[in-house]
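Visitor: Let me begin by handing over the structure; questions about it come next.
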């Protein structure tokens, strides 16, 4: 005969297991919605550092779109995830740096209804992770307010003695306000002007970043360099297309050695060479990396400003941007000027296939074909 | 049975917490990445060329079907036309027609990588909506 108590216990067991799992899931959900997962309490983090901070680096990694790519063995990767892992390693390997990492992730929901935080922030100082928080990204206007709030909360307050860098990883940043940059917020617009506004706030005391790196397609246009150049002294960008395996960041691994003399322009050129060497090894599509000395390119930028602005205004009125094409500014006679090559160092290799496979060089400036 | 329900419920809880990512562009990339894998695994150049050619043709036919469906917006139509042009250019290069030099036999693996990498640029030029991209993927699966 069956023991009635045993049956009772058994019948109660499954609901208990289910409730326990439910509670566990709820705890996970609540923790994911909580104010963050600060690794150390803020008061502990703000304590006097024993090691001086010489480098302040901000990384913004956009991940809310299609960032899938394959290597030559057909293994798949997600550019944002790969970059995040690499950037964390760099943060750990630089004992004299403070590193801000903002990972802009796709929106997600718990049980369809409860939105989860779609930004993740990491703060490293002296090679150690000091804070890791989830935050809400801008969902309408792109103003970087939330990133700025975190930056201001954690930054070391002696920036005049530090070398500062800002690195952005993502798809091409539109030159005129255009929706569709974020897969999760299809109506949200994002443009170069928005990034410039953000940079302005990150450099509040009017000092410019020593180095700005744009790991995107078509970052080397007169408009983009002109606009972002207000907040940086040296810019590294890809004027033409850029494969999603992005810029190699090996040069940032040991800044104490590679930036020993504090010469950022020389460092930027070595950095660009390293990026170029890495990309040309495996990539069959075009590889173009340019280093812009922002002060030296001003003459050229001013001389082409009105022509380029006219192009932009015309293009921004077109219903669809799908058919608009880029080209080397040197292919358009009106942009060819004596100052065109001044202040730009270009590393270029054409695509191995396609119409432009025999193109020998690039001016470093990308324009629009009207 | 109850254990199955409990497990199923837990599974749903975790699955629903994951981002819903209807990634049509990613599926297109996978399609050409699979083609590249097949090309590299093929024994000879004739076979490699055939795999590439078939892959372009299947995709082109699918795009034609979507275009003629009348269900797509003007923006999607422009995006699909642009994508079709890109594919046609690649097919021309493979064959050596329309002003292109024919891709040499020894470079077919590299060309297959080029086709994949050309779709994996950090730009925003192909603008086809997710719904239409998914439609393309469904049709290509049915066609192949």
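Visitor: With a point put 7 Å past each Cα toward its Cβ, work out how far residue A:71 is from residue A:51 in nm, to one decimal.
Guide: Those two pseudo-labels are separated by 2.9 nm.
Visitor: Got a sec? Which residues in region B:76-106 would a label at residue B:41 touch, if it sits 7 Å along Cα→Cβ and we count backbone N under 14 Å?
Guide: none
Visitor: Give me the distance in nm between label points sitting 7 Å out from Cα along the Cα-to-Cβ direction at residue A:128 and residue A:298, one decimal.
Guide: 4.3
Visitor: Based on the mean of other Cβ atoms within 10 Å per residue, sort peptides B:28-34, A:166-172, A:312-318 so the most packed one is first. Please report the intermediate quantities before stating the final value.
Guide: Details: B:28-34: 20.6, A:166-172: 24.9, A:312-318: 12.3.
Peptide ranking by packing, descending: A:166-172, B:28-34, A:312-318.
Visitor: Hey, another quick one. How many percent of all Cα-Cα pairs in region B:23-143 sit more than 21 Å apart?
Guide: Working: 2667 of 7260 pairs.
Considering region B:23-143, 37 percent of its Cα-Cα pairs are separated by more than 21 Å.
Visitor: If I stretch the segment between residue B:97 and residue B:50 completely, what's the gain in nm (0.36 nm per residue apart, minus their alpha carbon distance), one decimal?
Guide: Details: separation 47, 0.36 × 47 = 16.92 nm, distance 1.58 nm.
Extra length from residue B:97 to residue B:50 when fully extended: 15.3 nm.
Visitor: Using the beta-carbon distance between residue B:64 and residue A:157 and R0 = 56 Å, what value does 1/(1 + (r/R0)^6) give for FRET efficiency, to the nearest 0.05? All intermediate terms of the calculation are to be shown ahead of the outcome.
Guide: Working: r = 62 Å, r/R0 = 1.10.
Efficiency at R0 = 56 Å is approximately 0.35.
Visitor: Kindly put A:103, A:326 in sequence by how many other C-beta atoms sit within 10 Å of each C-beta, fewest to most. Kindly include the intermediate steps, with their values, before the conclusion.
Guide: Working: A:103 23, A:326 18.
Fewest-to-most Cβ neighbours within 10 Å comes out as A:326, A:103.
Visitor: Distance between the C-alpha centers of region A:147-166 and region A:105-142? Whole Å please.
Guide: 19
Visitor: Given points 7 Å out from each Cα along the Cα-Cβ axis, report the residue B:142 to residue A:282 separation in nanometres with one decimal.
Guide: 3.7
Visitor: While we're on this one: What is the calculated FRET efficiency for residue A:145 to residue B:89, with r their C-beta to C-beta distance and R₀ = 30 Å, to the nearest 0.05? Walk me through the numbers before you get to the answer.
Guide: Numbers: r = 43 Å, r/R0 = 1.45.
The computed FRET efficiency comes out at 0.10.
Visitor: In whole Å, how far is the Cα centre of region A:264-299 from that of region B:24-84?
Guide: Rounded to whole Å, the Cα centres lie 33 Å apart.
Rule-based calculations on the coordinates, nothing more; no lab input. Note that this is a predicted model, so its numbers are computed, not measured. Note: ideal-geometry Cβ built from the backbone for every residue, glycine included; neighbour counts use all protein chains shown.
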